[in-house]
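Participant: The structure's right below; bear with me while I get my questions together.
The values are calculated or read from the model by the stated rules, or taken from the named source; none is laboratory data. None of these values were measured; they are calculated from a predicted model. As a convention, Cβ positions derive from the backbone with ideal geometry for all residues, glycine included, and neighbour counts pool all protein chains shown.
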C-alpha cells in the first residue's frame with residue numbers, strides 16, 4: 001500500500017523522457033534552402049506516435065487519479081501496460097524478463113538442448129556454469145558444441161585499416177588473429193611503394209593511393225564482403241583469446257535491433273575502458289557522456305563506441321562511412337547516422353581489444369563534425385567544451401523566415417539578430433528617448449529569457465511624442481548602422497538591417513502604470529544577456545495580449561494552420577502546437593521539443609536533468 005499519486009507521477013515523468021522516440025527510415029537530402037545542412041539519414045516525425053502513446057498513458061493516469069492521495073493497491077495491469085509502452089518507445093527496454101536460450105544459467109551444460117533454436121544462429125550458444133566452476137574466473141561461461149551453425153569463416157570477415165602502420169605491426173596482428181580464427185582478413189594499406197606480401201592463408205593486402213581516405217577504403221572493401229558480419233578496426237596492437245568474436249556475433253544474433261557490437265579496450269599504457277558513450281544532439285549542440293542506462297546479455301547499450309566493432313555487413317553497405325573523413329572523425333560521424341536511424345549499439349565489457357591509445361579528438365577534428373552536422377557547441381567525452389562560430393560551422397543565416405516554419409534558428413543567427421536589435425537601443429540612448437520591447441520580442445523576454453528561437457524579426461515600441469525625432473535623427477542613426485528605414489504608414493515604420501527587420505511603432509509610455517515613485521526607472525529584463533527596457537509589467541502585458549496559455553509555444557503566426565485565428569493579428573496557431581518538421585532528422589526540428597517550458601532551448605549545460 002503506497003501513496004499512489006507519487007508513483008503515478010514518477011511513472012509518467014519517466015515515460016515522458018522517452019516520448020520523443022520514433023521509427024526510422026533512409027531518405028536523401030531534399031532541400032538546401034536552409035541556414036544549415038540537413039542529414040542524409042532521418043527519423044520519421046514522431047508526433048503521431050507520441051499522441052498514440054499519450055492516449056494509452058492518459059487512460060492509466062485517469063485510473064490512478066481516482067485513487068491519488070489514498071492508500072490503494074496498484075493494479076498489476078497498470079504496471080504491465082506502462083512497461084509495454086516504455087518498451088514500444090525504446091527497444092533497449094525489454095517487456096519480459098525471461099532469459100532466452102542463448103544466454104542460459106546452468107551448472108551442467110549437458111542439460112541444454114542444442115537441437116532447436118527459435119531463430120537462425122551464426123554461433124553456438126553459451127552456458128554459465130557458476131562462479132565456482134573456474135576459480136581463475138576466465139572460463140565460467142563456455143560455448144557449447146553444436147552442429148547447426150556455419151563455419152566461422154563464413155560468418156565474419158575482418159577489415160584492418162593500417163594507415164601509417166609499419167609492416168612488422170601488420171604481420172604481427174594478422175599472425176595473431178590467425179592463431180585463433182580461420183577467417184578472411186583484409187589489410188588496407190595506403191601509398192605503399194613496394195608490393196607487400198604476407199604469405200599467410202586468408203590474409204589479403206589491399207593497397208590504396210596515398211591520398212585515399214580510410215573511409216573510402218573501408219567502404220570499397222566492405223562492398224565485396226559476403227559474410228553476414230564484419231570486424232572493423234584501425235587501432236589494434238595485439239590479438240589474443242581475450243577477444244571473443246563469437247561473443248559479439250552471439251549478442252547480435254540475440255538483439256535483432258542491434259547492428260553493431262563492440263568490446264572494451266586496453267591501451268599500451270595499461271588503461272582499460274568499456275568505451276561506451278551516450279550521445280545527445282539537439283538544438284545545434286552535441287554532447288557525449290561515458291556510461292550506459294540499459295543493458296542486456298551483460299552488454300551495455302550505447303550510442304557510440306571507442307573501440308573496434310563488429311557490424312552487420314549489410315548495414316555497413318547500406319550506411320557507409322562518409323568518404324571525406326578519416327580516423328576517429330569518420331567513426332564518430334558514422335555513429336551519429338547510426339543513432340539517427342534508431343539502430344542499437346552494444347559494448348560487451350568482457351571482450352577486451354588491445355589498442356594503441358584511446359581515440360583522441362582535437363579541436364580541428366571536432367570542427368569537421370561541426371561542419372557536417374551544423375553544430376555550434378560540442379562537449380566531447382573528455383569533458384572539454386567547444387564552441388564554433390557560424391562561419392566555422394558553415395552555417396549561413398539565410399532564409400530565416402522559411403526556416404522558422406520547422407526549425408529553431410541557429411544560436412549564431414539569433415545572436416546576430418539580437419545585436420541588430422541592440423542598434424535601436426543604442427540610437428534611443430543617443431537621442432535620449434524612450435523605447436520598450438513589445439509583441440513577439442516582449443513574449444520572448446518573458447518566456448524565453450531572450451528572443452524566441454523561432455522568431456526572425458523584432459518589435460519595438462516608442463513614445464509617440466518622440467515620433468518625429470525617430471523619423472529623422474532616429475532613421476539617420478540606424479542608417480549609420482547599415483539599416484534601411486522605411487515609414488510604412490502613420491506611426492509604423494521598419495528598419496531592415498543585414499539579417500533582420502525591426503518593426504517600430506509608437507504608443508504611450510507604459511511606465512504610467514507604475515506607482516509614481518517608480519516611473520523614473522523603467523522596467524528592465526534580461527534579453528539574451530543584455531538588460532533591456534520592456535513594458536512596465538511585461539508578464540501582465542503579454543498575458544493580456546496573447547491570452548490563455550501563452551506560456552506554451554506555437555509555430556510563428558505566419559505558418560499557422562489554425563484557420564479559426566486570423567494570421568495578421570500576431571497570434572496565429574493556438575499555443576501548445578508545432579507544425580510537422582519538413583526535415584525530421586534534423587536536430588533543431590521544432591516538433592522534437594516540448595511545447596511548454598524554456599529549459600530545452602538553452603545550452604545543454606544549463607538544463608536540468
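Participant: Considering only residues of segment 163-181 that are touching a helix residue (DSSP H, G or I) at 6+ places or on another chain (Cβ under 9 Å) and modelled with pLDDT under 95, which is surrounded by the fewest Cβ atoms within 10 Å (Cβ to Cβ)?
Facilitator: If we take residues in segment 163-181 being touching a helix residue (DSSP H, G or I) at 6+ places or on another chain (Cβ under 9 Å) and modelled with pLDDT under 95, then 163 is surrounded by the fewest Cβ atoms within 10 Å (Cβ to Cβ).
Participant: All but one of (1) part of a helix (DSSP H, G or I); (2) surrounded by 19 or more Cβ atoms within 10 Å (Cβ to Cβ); (3) in contact with a helix residue (DSSP H, G or I) (Cβ under 9 Å, 6 or more places away or on another chain); (4) not assigned by TED's automatic domain parsing to the domain that holds residue 596 hold for residue 395; which doesn't?
Facilitator: (1)
Participant: Filter the helices (runs of 4 or more DSSP H) completely within segment 409-484 down to those with at least 2 residues that are over 25 Å from residue 593 (Cα atoms).
Facilitator: Counting at least 2 such residues, we get 411-431, 475-479.
Participant: Follow-up question, since we're still on this one. Only residues that are surrounded by fewer than 17 Cβ atoms within 10 Å (Cβ to Cβ) and at pLDDT 90 or above: list them for segment 552-579, please.
Facilitator: 552 - this is the single residue of segment 552-579 that is surrounded by fewer than 17 Cβ atoms within 10 Å (Cβ to Cβ) and at pLDDT 90 or above.
Matching residues to (1) surrounded by fewer than 22 Cβ atoms within 10 Å (Cβ to Cβ); (2) under 22 Å from residue 537 (Cβ atoms):
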| position | (1), (2) |
| --- | --- |
| 417 | no, no |
| 436 | no, yes |
| 442 | no, yes |
| 447 | yes, yes |
| 478 | no, no |
| 484 | yes, no |
| 497 | yes, no |
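Participant: Continuing with the same structure: I need a count of the residues in segment 166-193 that are closer than 21 Å to residue 327 by Cβ and in a loop (DSSP other than H, G, I, E, B).
Facilitator: Number satisfying all stated conditions: 3.
Participant: Show me the strands (runs of 3 or more DSSP E) entirely contained within segment 251-337 in which 1 or more residues are touching a strand residue (DSSP E or B) at 6+ places or on another chain (Cβ under 9 Å) and under 19 Å from residue 231 (Cβ atoms).
Facilitator: 258-266, 276-282, 299-302, 309-312
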